[in-house]
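The values are calculated or read from the model by the stated rules, or taken from the named source; none is laboratory data. This one's a predicted model, so the numbers in the text were calculated from it and none came from an experiment. As a convention, Cβ positions derive from the backbone with ideal geometry for all residues, glycine included, and neighbour counts pool all protein chains shown.
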Amino acid sequence: MGRLGPTEIVLILVVIVLLFGAKKLPDMARSLGKSARILKSEAKAMKSESKDDAAAPADPPSDPVVQQRTIQAAPGDVTSSRPVAEPTDTTKR
C-alpha cells in the first residue's frame, strides 16, 4: 500500500496531460523554474542582509543617508529589475 509502480506513474502523467493540455505544460514548467530561481535569489539576499545587519553598529548615525538599491530578478529577466528607494520613517517618537 502506498507504493507507486510504473503503470500508476504513467496513468498520473496521462491525467496531467489531459487536464492541462500538452501546450501549457512547457510554459508551466518554465514558470515554475523561474519562480524557484527568484525565490532562491531572494532567500540569498535576505541571508546577506541579515549578516550585514548583525555586523552594523548598534547606534545608527543621527543623519541617515538614503541609499538606492536595485532588486535583482532572475537571470535573463531584465524587465523586472528596477531601482527601489528604501522607505524612510519620518515619524518622531
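Only a single item in (1) at pLDDT 70 or above; (2) more than 20 Å from the chain's Cα centre (by Cα) is not met by SER41, and it is number (2). Taking residues in the stretch 11-39 that are small (Gly, Ala, Ser), and partners anywhere that are part of a helix (DSSP H, G or I) and modelled with pLDDT under 90, not one pair has Cβ atoms closer than 8 Å while being at least 6 places apart or on different chains.
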